[in-house]
Protein chains: 2
Amino acid sequence: MDGHARRIPDATVARLPEYLRILIELAEQRIGTVSSERLAELAGVNAAKVRKDLSYLGTYGTRGVGYDVDYLLFQMRQALGVTRDCPVVVVGAGNLGRALANYAGFSDRGFPLAAVVDADEAKVGTNVGDVTVRPMSDLAELVRANQPVIGVIATPGPVAQLVADQLVAAGVTAILNFAPALVSVPPNISLRKVDLALELQILSFYQSHRESGSASRGWT
Amino acid sequence: MDGHARRIPDATVARLPEYLRILIELAEQRIGTVSSERLAELAGVNAAKVRKDLSYLGTYGTRGVGYDVDYLLFQMRQALGVTRDCPVVVVGAGNLGRALANYAGFSDRGFPLAAVVDADEAKVGTNVGDVTVRPMSDLAELVRANQPVIGVIATPGPVAQLVADQLVAAGVTAILNFAPALVSVPPNISLRKVDLALELQILSFYQSHRESGSASRGWT
DNA sequence: CCGAGCTTGTGCACAAAGTCACAAGCATGT
DNA sequence: ACATGCTTGTGACTTTGTGCACAAGCTCGG
Ligand SMILES: NC(=O)c1ccc[n+]([C@@H]2O[C@H](COP(=O)([O-])OP(=O)(O)OC[C@H]3O[C@@H](n4cnc5c(N)ncnc54)[C@H](O)[C@@H]3O)[C@@H](O)[C@H]2O)c1
Ligand SMILES: NC(=O)c1ccc[n+]([C@@H]2O[C@H](COP(=O)([O-])OP(=O)(O)OC[C@H]3O[C@@H](n4cnc5c(N)ncnc54)[C@H](O)[C@@H]3O)[C@@H](O)[C@H]2O)c1
């Protein structure tokens, strides 16, 4: 379609959603154009980096003016593949699973909650957020009915690999893992992990070695 | 004490807590020594990287044998600054704040919950986990009584900067931000953010551009 | 139509991170 | 004592990411 399709570096991919969030805010404020300078300020990064990042998507800016917010927004959604909503299935209806299920921010950002499943019979049938907890045996069907789906692991660490295998078998193509355990998936499945205790330990490190680590951003 | 104190790269710092978690598991299994090869396998990274990472802490391995688990564990805790527990104060007693407060994994890993505070009068006085929600006006005193403290922002995005400022004013030296907003802090304060919707969008990208992104790990 | 004033897009030089390959060094058995 | 086998620690190289600086290019006013 475009013809140039150059590969986007991982570091850039990791920043695109941040730009996306900012663009959405700008669009809500009826701001029509934005410069790389301003975007950089809002995202807490270098302006040159913003321009380089955006240039991987295509040449969408106008020299002397900046970027058209709505157009860039459209192109960014296209690039990120968030043009259509992508439902999410949460596995584990514990503390975290329930908080996630109650979280409106997911639907708002294009990731509606499709279902919550749990292995515990006592939790199946209870309500969390807008949905009813379903048994693990429903997983394959739920995934098939909603494809493509992102699977979220919110179970204890020791069963994380097992759950991941079940998600993959059910046909999920991307997994977000909150359990503090390594999980392996086939190479065609995307996997990311979020480990909160790990974040605290990184903070702890920079706190005890008091010199500006990579963690802190500019102070205005 | 040691004399050589070379600067540890950020990328290494981000991996150390993962090694720490694995070492704790190994110690629990009464495993006395571990090779870089095995550690790498458990952490899902390259063995040479493990060795280089560990070499920043000091020369604690034994050639032909590997690393003594207990000794390395001790040194790693030392390096990460997690030798003493570091209490955590959560701001915002909503879905996420309550899930965090109920989460045993924090105390287990050296980050006991000191308090939960909230600006909403209706929530002050309610119980979450083992603690009672306190008003914002108690923040400074709570921080003073527990120092050093890590502050966790679990409030809506629009007030995140305000809350961060209050945390800094109260004397917190490290902040973990869950709100989807940029917050600025003075350079001597450590700051990290966790944005779940952002993670989902990154997954979405790699899902729509189906080639192995940086996200997936090996499949055994 | 032209010049002034911005802002983009990118070449380039540098910094950081990752990988390989291997010498150095320890333990064990003979 | 010494050869053997294994694993560490690290120098050299590759890949990836960052930031500067500036030419190219757009808009607008006169
Ligand atoms: N609660 C938090 O704030 C928090 C924070 C950081 C990380 N985490 C991590 O998130 C995970 C969940 O935490 P939590 O506090 O919600 O735990 P939890 O114990 O409250 O909930 C775990 C849920 O998983 C279910 N489960 C157990 N085995 C299962 C299986 N094989 N298949 C499907 N479901 C299964 C349980 O029935 C339970 O409902 C843990 O790994 C934890 O370390 C939680
Ligand atoms: N719930 C989730 O699973 C989840 C997931 C990802 C991100 N988040 C983010 O975490 C944050 C909290 O989410 P939530 O679902 O718990 O929201 P929530 O609305 O349930 O809770 C927010 C809490 O913050 C309190 N608060 C509001 N203003 C405050 C102020 N100025 N000072 C102190 N407290 C204040 C409110 O009283 C409320 O109790 C949001 O930014 C959200 O985007 C939540």
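The values are calculated or read from the model by the stated rules, or taken from the named source; none is laboratory data. Since this is a predicted model, take the numbers as computed values, not measurements. Every residue, glycine as well, gets a Cβ built from its backbone with ideal geometry; the counts of neighbours run over all protein chains shown.
Show the residue pairs meeting these rules: Cβ distance below 7 Å; 6+ apart or different chains; first residue within the range B:38-67 and within 13 Å of another protein chain (Cβ to nearest Cβ); second residue within 7 Å of DNA strand D (Cβ to nearest atom).
That search, which allows pairs on different chains as well, returns B:Ala40/B:Ala47.
If you go through the range B:97-108 one residue at a time, do you hit one that is touching a Cys at 6+ places or on another chain (Cβ under 8 Å) and under 16 Å from A:Glu199 (Cα atoms)?
Looking for residues that are touching a Cys at 6+ places or on another chain (Cβ under 8 Å) and under 16 Å from A:Glu199 (Cα atoms), one finds none in the range B:97-108, hence no.
Go through B:Asp138, B:Asp165 for me and flag whichever is among the acidic types (Asp, Glu), farther than 22 Å from A:Gly97 by Cα, touching a strand residue (DSSP E or B) at 6+ places or on another chain (Cβ under 8 Å) and not in a loop (DSSP other than H, G, I, E, B).
B:Asp138
Is it fair to say A:Leu73 is closer than 28 Å to A:Leu191 by Cα, more than 13 Å from chain B (Cβ to nearest Cβ), touching a helix residue (DSSP H, G or I) at 6+ places or on another chain (Cβ under 9 Å) and among the aliphatic types (A, V, I, L, M)?
For A:Leu73, the condition - closer than 28 Å to A:Leu191 by Cα, more than 13 Å from chain B (Cβ to nearest Cβ), touching a helix residue (DSSP H, G or I) at 6+ places or on another chain (Cβ under 9 Å) and among the aliphatic types (A, V, I, L, M) - is met.
Only residues that are within 7 Å of chain B (Cβ to nearest Cβ), crowded, with 18+ Cβ neighbours inside 10 Å and not small (Gly, Ala, Ser): list them for the range A:174-191, please.
Taking the range A:174-191 and keeping what is within 7 Å of chain B (Cβ to nearest Cβ), we get A:174, A:176, A:180, A:182, A:184-191.
Adding the requirement that they be crowded, with 18+ Cβ neighbours inside 10 Å leaves A:174, A:176, A:180, A:182, A:185, A:189-191.
Within the range A:174-191, A:Leu176, A:Pro180, A:Leu182, A:Val185, A:Ile189, A:Leu191 qualify.
What are the residue pairs meeting all of these: first residue in the range B:109-123, first residue away from every other protein chain (no Cβ under 14 Å) and closer than 30 Å to B:Glu18 by Cβ, second residue assigned to a strand (DSSP E or B) and within 16 Å of ligand 2 (Cβ to nearest atom), Cβ atoms under 9 Å, and 6 or more apart or on different chains?
Note: pairs meeting the criteria are B:Ala115/B:Val88; B:Ala115/B:Val89; B:Ala115/B:Val90; B:Ala115/B:Val131; B:Ala115/B:Thr132; B:Ala115/B:Val133; B:Ala115/B:Arg134.
Of all residues in the range B:25-71, which are closer than 26 Å to B:Asp10 by Cβ, surrounded by fewer than 16 Cβ atoms within 10 Å (Cβ to Cβ) and among the hydrophobic types (A, V, I, L, M, F, W, C)?
Scanning the range B:25-71 gives B:Ala47, B:Ala48.
Could you count how many residues in the range B:113-132 are in a loop (DSSP other than H, G, I, E, B) and out of contact with any helix residue (DSSP H, G or I) (no Cβ under 7 Å at 6 or more places or on another chain)?
8
Taking the options B:Ala154, B:Ala160, name whichever one is within 11 Å of chain A (Cβ to nearest Cβ), of a type outside the set (Phe, Trp, Tyr) and buried (at least 23 other Cβ atoms within 10 Å of the Cβ).
B:Ala154
Please give the number of the condition A:Gly94 fails out of (1) on the phi > 0 side of the Ramachandran plot; (2) among the small types (Gly, Ala, Ser); (3) away from DNA strand D (no atom under 16 Å from the Cβ).
Every condition holds for A:Gly94 apart from (1).
Counting only residues that are modelled with pLDDT of 95 or more, within 7 Å of chain A (Cβ to nearest Cβ) and within 14 Å of the chain's Cα centre (by Cα), how many does the range B:89-108 have?
Final tally of qualifying residues: 0.
Restricting the search to the range B:1-57, which residues are within 11 Å of DNA strand C (Cβ to nearest atom) and at pLDDT below 95?
Scanning the range B:1-57 gives a single hit, B:Arg7.
Across the range B:14-59, what is the number of residues that are basic (Lys, Arg) and either in the same structural domain as B:Phe111 (by TED's automatic domain parsing) or within 16 Å of ligand 1 (Cβ to nearest atom) (or both)?
So the answer is 1.
Would you say B:Ala115 is surrounded by 19 or more Cβ atoms within 10 Å (Cβ to Cβ) and within 14 Å of ligand 1 (Cβ to nearest atom)?
On the way: surrounded by 19 or more Cβ atoms within 10 Å (Cβ to Cβ): yes; within 14 Å of ligand 1 (Cβ to nearest atom): no.
Judged against the criteria, B:Ala115 is not a match.
Could you identify the single residue in B:Ala160, B:Ala145 that is closer than 24 Å to A:Gly105 by Cα and either assigned by TED's automatic domain parsing to the domain that holds B:Arg21 or under 22 Å from the mean Cα position of the chain (by Cα) (or both)?
Numbers: B:Ala145 fails: closer than 24 Å to A:Gly105 by Cα.
Sole residue among the options that is closer than 24 Å to A:Gly105 by Cα and either assigned by TED's automatic domain parsing to the domain that holds B:Arg21 or under 22 Å from the mean Cα position of the chain (by Cα) (or both): B:Ala160.
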